[in-house]
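Sharing a structure, written as structure tokens. Questions coming.
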Amino acid sequence: MEKEHNFIPEKTKWKRKLYRIIFKSDTRLGKLFDLTLLVLILLSTLIVMMESVKIYDAKLHRLFIILEIIITAFFTVEYVLRILTIRNKKAYIFSFFGVIDFLAILPFYLSLFFPVTKYFLIIRMLRMLRIFRILNLMDFMHDGYFIVRALKNSSRKIYIFLLFLIIFSVIVGSMMFMVEGHREGFESIPQSIYWAVVTVTTVGYGDVSPGTPLGKFLSVLLMLAGYSIIAVPTGIVTAEMRNKRQNLEKVCSRCGNDDIDDDARYCKICGEKVV
């Protein structure tokens, strides 16, 4: 996830003025623009939800369509202006917020050919992340980046854990298929694996359940194992976050480098001794 870009446009007066309004919130017009944007995002989300309710859609379908056209037109113009005013256009287009801004208008135009895609307009809710910048809460965004980095650094361990979980579910599901003998919803191994995944994750839909004593015994073992299994990825991410936080607390007094390993004695940049 990338931060909001701060690429000031060329020495064109109207571009600089538009840039400050669209990308900044330090002026009255900038704050008004951002608040209008947030209101339209909430209104668009509400319209999408109300369209899925048949009673409201039957009565207000025409109004919903008109409002959605107006809102999408505003977002489209805003997206084009963002590209026109910023200096590094490629950086914005392929940034996190740039992609979200594009996805916010794409479903509407796709719905002209594929009507069901209009419900993907709910993606516009992701644009609400800009509220952190608007309300000067960028520290919260920094915490979000911290969590994302922790997940990324622990991804290898999580992949191994998921692979183990898949193998475990396949084996237990196959065993339940043999034990139950085509009864109580265990008609096939894939169906039995579905039951094993639902059980080990402690979801427990209840649509498939064993009927034999041995099958129930295996279910008890699987449910008890589920509680311990859930704790594994949580512990992995928590440990990574704790290590990362300890690393961030270490800062080189000479060059200011904060990327210092937990067991490091010297700064990797300038060689200064780390206390």
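Output the residues belonging to region 154-190 that are among the polar types (S, T, N, Q) and surrounded by fewer than 16 Cβ atoms within 10 Å (Cβ to Cβ).
Residues satisfying the conditions are Ser155, Ser174, Ser188.
Test each condition in (1) over 13 Å from Val179 (Cβ atoms); (2) open to solvent by less than 30 Å² (accessible area, probe 1.4 Å) for Thr202 and report the one that comes out false.
Exception for Thr202: condition (2).
Would you be able to tell me the number of residues in region 75-89 that are open to solvent by 50 Å² or more (accessible area, probe 1.4 Å), without any contact (Cβ under 8 Å) to a residue 24 or more places away in the chain and touching a helix residue (DSSP H, G or I) at 6+ places or on another chain (Cβ under 9 Å)?
1
Mind counting the residues in region 225-242 that are surrounded by 12 or more Cβ atoms within 10 Å (Cβ to Cβ) and under 16 Å from Phe168 (Cβ atoms)?
6
Please return the ranges of helices (runs of 4 or more DSSP H) entirely within region 118-231 where 1 or more residues are modelled with pLDDT of 80 or more and more than 30 Å from Asp26 (Cβ to Cβ).
155-180, 189-200
Still on this model: Just to verify a result, which residue in region 104-133, among those that are open to solvent by 60 Å² or more (accessible area, probe 1.4 Å) and under 18 Å from Val39 (Cα atoms), is farthest from the chain's Cα centre (by Cα)?
It comes out as Ile122.
Of the residues Ile55, Ile69, Ile22, only one is farther than 22 Å from Pro107 by Cα, open to solvent by 70 Å² or more (accessible area, probe 1.4 Å) and of a type in the set (A, V, I, L, M, F, W, C); which?
Answer to the selection: Ile55.
The values are calculated or read from the model by the stated rules, or taken from the named source; none is laboratory data. The shown structure was predicted, so the numbers you read here are calculated from the model rather than taken from an experiment. In this analysis, Cβ positions are derived from the backbone assuming ideal geometry, glycine residues included, and neighbour counts consider all displayed protein chains. Areas reflect the complete protein model, heavy atoms only, side chains present, ligands, DNA and RNA absent. Shrake-Rupley method; radii C 1.70, N 1.55, O 1.52, S 1.80 Å.
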